[in-house]
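S.K.: Below is one structure. I have some questions about it.
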Amino acid sequence: MSTPNGTAPEGRTAWKKTAAVAVPAVLAVGALAAAMAQGALAASFAVSGSNFQVASGKLTSTGLASYVHTDRDADDRGHPVALLGIGKADLTDICQAARVETPVGTVVFKLTAGGDAGPVRADNLVIDGEDLVGDARFGTAQIGRDAGTLDAVPGVKGPRGKFGLQAGNIEVAGVKSHAWSATGGNFRLKGLRVSVSLDGRTCF
């Protein structure tokens, strides 16, 4: 129902106009979710001004792909990283911690999950890390493969002609990394706990 001048009466919704605005937004959210599920959002956002810790007792995955990449912060400063794409990842536990300077002092933002609550799972996990420490076992490995031809993890491939590596099933115990970003699809975090504390303990 509309008034003589064609506008919706007060208190009523102009559904055609609402749909015109809502449909593109819904499509954009759907595209974003699809990109996350494919691991395609790696390094597509400005990273913060500092890295953070990532740790896990054990990580297993159906595949791994990696190449050298550069993350950029909001001031366009570059941070060289090893982009590490992991297929269907299972982690016995996970810890993520970052030190954040605030007006009241240094705060530790910490996220933990897994442990006794059960494994943490993620599809196409992508970590942009400065380093990675652990005891690893790889399936068939291809070191020096063209980064543009990587296919072990959907959506994770680098520039053609650049150095890359990939492997089949992997298992890494005692995982420790300093990372600039992490993305993934379908995160399932059992026993999730988030804390913020002054001078709190980090992961390692």
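Read-outs: derived from the displayed coordinates by stated rules, not from any lab. The structure displayed is predicted, hence computed values, not measured ones. Note that we place each Cβ from the backbone using ideal geometry, even for glycine, and neighbour counts take in every protein chain shown.
S.K.: What does the highest-first list of 173-180, 197-204, 121-128, 150-157 look like by mean Cβ count within 10 Å?
M.R.: In decreasing order of mean packing, 173-180, 197-204, 121-128, 150-157 become 121-128, 150-157, 173-180, 197-204.
S.K.: Students often get this wrong, so check it: of Lys88/Lys110; Lys88/Lys157; Lys110/Lys157, which have C-alpha atoms separated by over 20 Å?
M.R.: With Cα atoms farther than 20 Å apart: Lys88/Lys110; Lys110/Lys157.
S.K.: Also, I was wondering about something else. Which whole-number percentage describes the relative contact order of segment 62-204, with Cα contacts under 8 Å and a sequence gap of 6 or more?
M.R.: Taking the mean separation of contacting Cα pairs over the length of segment 62-204, I get 33 percent.
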